[in-house]
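The values are calculated or read from the model by the stated rules, or taken from the named source; none is laboratory data. Nothing here was measured: the structure is a model prediction, and the numbers come from that model. Here the Cβ positions follow ideal geometry from the backbone for every residue, glycine too, while neighbour counts run over all protein chains shown.
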């Protein structure tokens with residue numbers, strides 16, 4: 001008789017989700033699914049609002065990466081206004097976006113995932129959280145807090161507040177950078193650099209102890225999608241879309257992000273509110289692809305900054321290229337933090353960053369616009385249609401986590417098959433199933449930041465609903 | 001227009017137990033503000049005819065069973081007035097909450113966020129949450145005007161736009177249509193604003209509006225800066241001209 005194990009909620013991710021695992025009479029896993037159980041409705045309720053409000057409204061999609069939505073939305077409004085934004089305005093947006101990457105990646109690595117590395121995947125779940133981390137390795141917990149603060153502080157200096165700053169607007173940004181603010185940010189760079197430069201060597205030693213997980217954590221061939229600069233360096237903000245395959249071959253290159261609809265389609269599945277995008281020419285679900293740090297490092301030639309390039313070389317020499325195991329999202333994320341800090345420094349040292357022309361002004365000049373940027377979790381697509389007066393009539397948002405939907409489902413199944421025995425469930429098995437999801441650092445709602453202390457209730461029930469086994473976590 | 005004759009007759013009255021003097025014809029609101037005493041208002045704007053619509057400036061008059069609006073009640077000899085009793089504070093808070101519940105005031109994404117009279121008053125009067133169910137009624141945004149935008153979601157029916165356009169600009173673009181909760185501001189007998197032939201594009205209504213209902217078109221969140229201080233200057237110049 002088949003049984004279902006449910007992990008609800010999945011913890012230490014951003015948002016609400018559950019995992020269900022089907023096991024057969026022998027206790028072997030036959031299927032597993034990742035269900036996103038929340039519904040937001042942004043695409044619908046923005047209809048009728050002025051396009052100029054869209055950056056601020058869509059920023060509310062997320063409390064962790066409002067800046068990412070500000071970037072994609074502002075780029076979409078730029079497109080509707082049909083303007084070229086002043087170079088300093090674009091550079092200031094990039095600056096804030098790098099800060100966003102650093103703070104969000106720090107949150108993912110230190111606060112959400114490092115308890116698994118420091119305390120172990122089988123450790124007591126009551127302590128396997130950020131509080132347990134503080135107890136076991138207070139210096140590392142402090143590093144995590146400080147690195148996140150570094151990024152958040154830049155966002156606040158530029159935009160007036162840490163979460164949902166109203167500084168990035170269609171046409172550019174609404175206030176130039178002063179020399180005082182620039183110097184204030186520059187002073188904080190050395191500490192951030194020290195933190196990442198001691199965390200990277202630590203993690204490179206630690207991950208060698210996770211060979212089983214590396215082998216089975218969503219370790220399978222897929223395509224990889226990301227933005228890449230014209231010179232093939234790592235891009236977080238502009239450039240073109242590139243898709244590579246599991247062998248590292250370029251499948252799609254120099255693809256105009258505005259024409260994303262030619263290569264990406266979205267499938268709707270009954271078990272989840274999260275849509276599942278796929279590479280259109282290969283169809284659903286064969287067109288499975290991944291986005292985010294792993295995809296970006298697979299897709300670029302170099303990062304474009306010296307220290308991160310050195311790390312990228314080592315990353316590629318230690319792991320096969322392209323990297324397939326989603327466990328290495330964590331490693332890739334740390335390299336991106338290093339790159340982000342280097343870029344922040346580089347941008348601020350260029351005197352043109354203080355130029356005061358930072359905004360182009362225009363009204364609606366097109367009825368349809370697309371803005372694509374990279375968010376920490378992957379490629380982020382905003383697509384709006386407006387009437388002749390600039391009022392929203394239609395919106396499509398393909399949020400980074402969505403791209404990974406198919407890969408997360410496949411990853412859950414792979415890990416469940418390897419670690420879960422339906423005859424006798426142990427908490428550590430289920431934590432591995434959750435941990436594969438955490439590799440992707442999914443941002444499912446962004447309004448709830450669930451970690452550590454969230455309760456978990458796992459049941460094996462037969463078809464009549466009779467509970468055969470139960471593991472709970474308070 | 002002939003200048004209004006200035007009264008010289010003086011009356012004495014009490015505001016919050018304080019003896020004050022006033023010129024006959026002055027309103028309680030004028031007297032209180034002259035004395036530096038705070039009374040919250042929303043529909044009142046110096047330079048426009050008082051309307052008495054928002055009811056935030058209600059005061060207690062000794063001997064009167066009902067509350068009176070300070071903006072339209074004239075000062076009279078021997079009045080004893082309370083400006084800020086617990087009862088008044090309770091009602092003011094309730095009025096503000098009802099305004100939030102009536103339409104869709106989403107401060108976080110509003111162009112007037114941080115510079116909104118409704119938001120300021122809510123903060124000053126201790127509105128930490130709204131106890132009444134929101135209506136979530138559907139309202140349109142009129143973006144048809146070349147320069148300006150009218151968002152009915154944010155309108156509080158203060159009619160400052162109606163009065164400034166009629167009394168100061170002399171164009172009388174704005175009126176009200178409907179009754180009660182269905183009332184809406186309309187341009188030129190209910191045309192899209194962009195089709196209004198009477199609108200002179202002067203922008204006075206934008207700056208008279210206390211909230212994010214009437215705004216400049218290219219503004220994004222937090223960016224609308226209103227300058228309602230231009231009105232006393234305009235009225236003073238008009239009334240004192242030879």
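Values as computed for the structure displayed
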| read-out | value |
| --- | --- |
| Condition met for residue B:92 (assigned to a helix (DSSP H, G or I) and under 30 Å from residue B:10 (Cα atoms)) | no |
| Residue match in segment A:295-318 (condition: within 14 Å of chain B (Cβ to nearest Cβ) and touching a residue at least 12 places away in the same chain (Cβ under 8 Å)) | no |
| Tally, over segment B:101-153, of residues that are loosely packed, with under 13 Cβ neighbours inside 10 Å and within 10 Å of chain A (Cβ to nearest Cβ) | 2 |
| Hits in segment A:376-392 (condition: more than 9 Å from chain B (Cβ to nearest Cβ) and in contact (Cβ under 8 Å) with a residue 40 or more places away in the chain) | A:376, A:377, A:378, A:379, A:380, A:381, A:382, A:383, A:384, A:386, A:392 |
| Helices (runs of 4 or more DSSP H) fully within segment A:136-254 counting 1 or more residues that are free of Cβ contacts under 8 Å to residues at least 60 places away in the same chain and within 20 Å of residue A:358 (Cα to Cα) | A:138-159, A:179-206 |
| Identity of the residue in segment B:210-224, within 14 Å of chain A (Cβ to nearest Cβ), assigned to a loop (DSSP other than H, G, I, E, B) and modelled with pLDDT of 95 or more, that ends up nearest to residue B:163 (Cα to Cα) | B:213 |
| Within segment A:33-61, considering residues that are under 19 Å from residue A:402 (Cβ atoms) and buried (at least 24 other Cβ atoms within 10 Å of the Cβ), the one modelled with the highest pLDDT | A:54 |
| Qualifying residue in segment A:173-181 (condition: more than 14 Å from every other protein chain (Cβ to nearest Cβ), crowded, with 18+ Cβ neighbours inside 10 Å and either under 27 Å from residue A:306 (Cα atoms) or at pLDDT 95 or above (or both)) | yes |
| So residue A:106, is it outside the structural domain of residue A:427 (by TED's automatic domain parsing), outside any strand (DSSP E or B) and surrounded by fewer than 21 Cβ atoms within 10 Å (Cβ to Cβ) | no |
| Leading residue by the ranking (nearest to residue A:274 (Cα to Cα)) among those in segment A:411-425 that are modelled with pLDDT of 80 or more and surrounded by fewer than 20 Cβ atoms within 10 Å (Cβ to Cβ) | A:417 |
| Qualifying positions in segment A:264-283 - in a loop (DSSP other than H, G, I, E, B) and at pLDDT 90 or above | A:283 |
| Search result, residues across segment A:131-168 that are more than 14 Å from chain B (Cβ to nearest Cβ) and at pLDDT below 85 | A:162 |
| Some residue of segment B:27-44 being more than 25 Å from the chain's Cα centre (by Cα), outside the structural domain of residue B:170 (by TED's automatic domain parsing) and loosely packed, with under 15 Cβ neighbours inside 10 Å | no |
